[in-house]
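The values are calculated or read from the model by the stated rules, or taken from the named source; none is laboratory data. Predicted, not measured: the structure shown is a model, and the values here were computed from it. Positions of Cβ are backbone-derived with ideal geometry, glycine not excepted, and every protein chain shown enters the neighbour counts.
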Amino acid sequence: MENLLNKEAVKRVKEFIKKFDPKLEILVLDTTARTAQDAANSLNCEVGAIVKSLLFKADGNFLICLIPGDRRCSLNKLKKFLGKKDVSMSNAEEVKMNTGFSIGGVSPVAHIKKLNILIDKSLSRFKNIYAAAGHPNCVFKIQYNQLVKITSGSETEISE
């Protein structure tokens, strides 16, 4: 499992989070964190403390929405917040092309393209939250206020 830390996508996340805060660590899990429920089971935490990084396309532009694992991103709230009519989930190819990560390991940071990031405020109900670190078996623990800073994300209410 250690060799996961040598994967390019995981290294990219590690370098990014270490620059922000040298105390942040990537945790390598014995079991997959491909879904929020899997991650919560692996980490023995509430599923809501898992950050889902979801890529959306809005009028041809891509953005990341960070949503708690126990909620869904509301397309209606997202459309209203963005003032856009044409908003949809991105497919696996678009996710890889824009973030550099495969679905199941999409990190909220270290994307290969500059993406706007929206953070659902309901993540703030947890002291610590866990986000993917470039691979389905890799996550990092971070506090909500740190997540807002490290992503330069906009806080909003986009979950249901």
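If I go through region 107-127 residue by residue, how many of them are out of contact with any Ser or Thr (no Cβ under 8 Å at 6 or more places or on another chain) and buried (at least 17 other Cβ atoms within 10 Å of the Cβ)?
3
Assess whether LYS79 counts as being touching a residue at least 60 places away in the same chain (Cβ under 8 Å), part of a helix (DSSP H, G or I) and under 21 Å from GLY153 (Cα atoms).
Here the answer is no, as LYS79 does not meet what is asked.
In region 29-41, what residues are surrounded by fewer than 19 Cβ atoms within 10 Å (Cβ to Cβ) and either modelled with pLDDT of 95 or more or in a helix (DSSP H, G or I) (or both)? GLN37, ASN41 - these are the residues of region 29-41 that are surrounded by fewer than 19 Cβ atoms within 10 Å (Cβ to Cβ) and either modelled with pLDDT of 95 or more or in a helix (DSSP H, G or I) (or both). Hey, any hits in region 1-19 for a residue that's charged (D, E, K, R), within 16 Å of THR151 (Cα to Cα), surrounded by fewer than 18 Cβ atoms within 10 Å (Cβ to Cβ) and touching a residue at least 24 places away in the same chain (Cβ under 8 Å)? Yes, that holds for at least one residue. Residues of region 137-160 that are in contact (Cβ under 8 Å) with a residue 40 or more places away in the chain, farther than 16 Å from VAL47 by Cβ and not acidic (Asp, Glu): ASN137, CYS138, PHE140, ILE142, GLN146, LEU147, LYS149, ILE150, THR151, GLY153, THR156, ILE158. Kindly indicate the residue of region 118-157 that is assigned to a loop (DSSP other than H, G, I, E, B) and not aromatic (Phe, Trp, Tyr) and also nearest to ASN61 (Cα to Cα) among those meeting that condition. Looking at residues that are assigned to a loop (DSSP other than H, G, I, E, B) and not aromatic (Phe, Trp, Tyr), I get GLY153. Would you confirm, using the coordinates I've provided, whether ASP86 is free of Cβ contacts under 8 Å to residues at least 40 places away in the same chain, farther than 19 Å from LEU24 by Cα and charged (D, E, K, R)? Spelling it out, ASP86 is indeed free of Cβ contacts under 8 Å to residues at least 40 places away in the same chain, farther than 19 Å from LEU24 by Cα and charged (D, E, K, R).
Results for (1) out of contact with any helix residue (DSSP H, G or I) (no Cβ under 9 Å at 6 or more places or on another chain); (2) closer than 27 Å to ARG125 by Cβ; (3) buried (at least 17 other Cβ atoms within 10 Å of the Cβ), shown as yes or no for each residue.
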{"residue": "PHE62", "(1), (2), (3)": "no, no, yes"}
{"residue": "ARG71", "(1), (2), (3)": "no, yes, yes"}
{"residue": "LEU75", "(1), (2), (3)": "yes, yes, no"}
{"residue": "LEU78", "(1), (2), (3)": "yes, yes, yes"}
{"residue": "LYS85", "(1), (2), (3)": "no, no, no"}
{"residue": "MET89", "(1), (2), (3)": "no, yes, no"}
{"residue": "GLU94", "(1), (2), (3)": "yes, no, no"}
{"residue": "MET97", "(1), (2), (3)": "yes, no, no"}
{"residue": "GLY105", "(1), (2), (3)": "no, yes, yes"}
